[in-house]
Amino acid sequence: RYPGYAEFLATESVEVLAPARGFVGRLVGSVGTDSSATVPVFESGVEQTLFEEIGRVHRRQGQDLTALLAAYRIGASVAWRHVTEAATQVGVGVELFPELAGAVFAAVDQLSSASLRGFLAEQCDTAATRDRHRAELAELLVSDRCDSDSVRAAAQRAEWALPQRAGVVLVDPDNEVARRQLARLGEACLWVRRRDALIAIVADPSGPGQRPRLGNLLGGTSAVVGESVALDELPASLRRAEVAARLRRAGRLRAGRDPLFVAEHLAGLIVHQDENLLASLRRAYLAPLASLPRSTRERLEPTLLCWLEHMGNQKTIAAQLHVHPQTVRYRLGQLRELFGPGLDDPDTRAALLVALAWGGPANTEPATPHGPGPGPEPGLLPAPRTGSGPRPE
């Protein structure tokens, strides 16, 4: 029935017979003793180790253990047939046959259990080793020492197929729902644990079908999905994802979607990398508004932002601000009076757009009690003009 096992018994018969004699002796010797005693242990320490190792070998070679256990059961049946023949020949009373049968099958069951223990132990050892290698590979990929040779060697040890491109997914380690959802990615991802984040490395999150899959899988988990990059760029991509997570917690990113895809927020990351620098930009380029009453600034700033976003289309500006077009023209006249020809300079308009779109409520209080603080460098933005311009609203 199982030629591989039969071949082993044939080629290794000398080594098999010696321990088999001792085993059969213990088995037969157990019959006829006190029937109230528990089933004796038939395997010796050496035999237990041997049969456990047989189970381990099967796991290492990727063989199905059920075939081995089935062969044991067949062996038990054959053994029992031989035992009954021998018992009859030597005049063993039939009243001992039930006990003798129990001894034969209990002995084979113990050997089967030893092989099963070995198989499961090897399985656990293999899984632990593989998990350790996968953790080492994950740490290597997000470190700055991930040269290609080291990564390939680590991936081979971890039995993980290296993708051409990969990305990171960050979730709160205390978010049980997020952890469960990420676990559904299965063997396709690697894991890195940080104090404030659980990081999964996934193959090409921008690849075909991956983006909607991740969006559906991670919806409502507050996850951050990094950009899809070459493997040697993963450390930098992770740093950007960590910045995005921090900025979202601080309310600095307009994260309308959940999960947050970093590729959609690169401008926000650039702007908010240095909050002090952004504050300086706002003070410099919004200085013409600094001396105005707060209520006036709160009307003119959104008007200026809409004007920049819609390239001066007054009808669209009026609709977005829910005001009359005449009001828009009046406010734009005020802005022209305050900013002068700087509004015609492309670089100035770009800086104003950054200052207004990303800065939140402007910190345009005067730097001194006597007027606006210092403006930008000479040539970037003309100083506010004086004269009889439109009266503030």
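When A244 is tested against (1) on the phi > 0 side of the Ramachandran plot; (2) modelled with pLDDT of 90 or more, just one condition goes unmet, and that condition is (1).
Looking across region 315-346, the residues that are surrounded by fewer than 12 Cβ atoms within 10 Å (Cβ to Cβ) and assigned to a helix (DSSP H, G or I) come down to K315, Q326, P341, D344, P346. Answer yes or no as to whether V108 is assigned to a helix (DSSP H, G or I) and open to solvent by 40 Å² or more (accessible area, probe 1.4 Å). Judged against the criteria, V108 is not a match.
Summed over region 236-269, residues that are of a type outside the set (K, R), within 24 Å of L217 (Cα to Cα) and assigned to a helix (DSSP H, G or I) total 12. Just the residues that are part of a strand (DSSP E or B) and within 21 Å of N175 (Cβ to Cβ), please, taken from region 199-224. Across region 199-224, the qualifying residues are I199, A200, I201, V202, V224.
Considering only residues that are open to solvent by less than 40 Å² (accessible area, probe 1.4 Å), over 23 Å from A244 (Cα atoms) and either among the polar types (S, T, N, Q) or part of a helix (DSSP H, G or I) (or both), which ones fall in region 154-195? Of everything in region 154-195, those that are open to solvent by less than 40 Å² (accessible area, probe 1.4 Å), over 23 Å from A244 (Cα atoms) and either among the polar types (S, T, N, Q) or part of a helix (DSSP H, G or I) (or both) turn out to be A154, A155, A158, G186. Do we find that A121 is under 30 Å from R1 (Cβ atoms) and in contact with an Asp or Glu (Cβ under 8 Å, 6 or more places away or on another chain) in this structure? Judged against the criteria, A121 is a match. For beta carbons closer than 7 Å, sequence separation of 6+ or different chains, a first residue in region 295-311 that is farther than 14 Å from A357 by Cα and a second that is hydrophobic (A, V, I, L, M, F, W, C) and surrounded by 18 or more Cβ atoms within 10 Å (Cβ to Cβ), the qualifying pairs are R297/L289; R297/A362.
Is it true that E122 is in contact (Cβ under 8 Å) with a residue 24 or more places away in the chain, more than 14 Å from H58 (Cβ to Cβ) and not aromatic (F, W, Y)? It is false that E122 is in contact (Cβ under 8 Å) with a residue 24 or more places away in the chain, more than 14 Å from H58 (Cβ to Cβ) and not aromatic (F, W, Y). For E227, the conditions (1) assigned to a helix (DSSP H, G or I); (2) in contact with a Ser or Thr (Cβ under 8 Å, 6 or more places away or on another chain); (3) under 22 Å from R145 (Cα atoms) all hold with the exception of (1).
Going through (1) modelled with pLDDT of 85 or more; (2) closer than 15 Å to L111 by Cα; (3) open to solvent by 90 Å² or more (accessible area, probe 1.4 Å) one by one, L68 falls short only on (3). Residues in region 224-244: is at least one in contact with a Leu (Cβ under 7 Å, 6 or more places away or on another chain), surrounded by 17 or more Cβ atoms within 10 Å (Cβ to Cβ) and among the basic types (K, R)? Yes, that holds for at least one residue. Of all residues in region 270-293, none that is outside any helix (DSSP H, G or I) has its Cβ atom under 7 Å from the Cβ atom of a residue that is charged (D, E, K, R) and surrounded by 17 or more Cβ atoms within 10 Å (Cβ to Cβ), 6 or more apart or on another chain.
Of the listed requirements (1) in contact with a strand residue (DSSP E or B) (Cβ under 6 Å, 6 or more places away or on another chain); (2) over 30 Å from D64 (Cβ atoms), V90 misses just one: (1). When restricted to residues that are closer than 24 Å to G22 by Cα, open to solvent by 50 Å² or more (accessible area, probe 1.4 Å) and either at pLDDT below 60 or not in a helix (DSSP H, G or I) (or both), region 37-65 contains 5. Outside any helix (DSSP H, G or I), surrounded by fewer than 13 Cβ atoms within 10 Å (Cβ to Cβ) and within 12 Å of the chain's Cα centre (by Cα) - does that describe any residue in region 135-153? No, because not a single residue in region 135-153 is outside any helix (DSSP H, G or I), surrounded by fewer than 13 Cβ atoms within 10 Å (Cβ to Cβ) and within 12 Å of the chain's Cα centre (by Cα). Report whether or not L281 is within 21 Å of T327 (Cβ to Cβ) and surrounded by 16 or more Cβ atoms within 10 Å (Cβ to Cβ). When the stated conditions are applied, L281 does not pass them.
The residue list T129, T88, T84 contains one member that is open to solvent by less than 70 Å² (accessible area, probe 1.4 Å), without any contact (Cβ under 8 Å) to a residue 60 or more places away in the chain and more than 25 Å from E187 (Cβ to Cβ), which is T84.
The values are calculated or read from the model by the stated rules, or taken from the named source; none is laboratory data. Note that the coordinates shown come from a computational prediction; the quantities given were computed from them, not determined experimentally. Neighbour counts run over all protein chains shown; Cβ positions are idealised from the backbone, glycine included. Accessible surface is based on the protein model in full, side chains and every heavy atom, while ligands, DNA and RNA are left aside. Shrake-Rupley method; radii C 1.70, N 1.55, O 1.52, S 1.80 Å.
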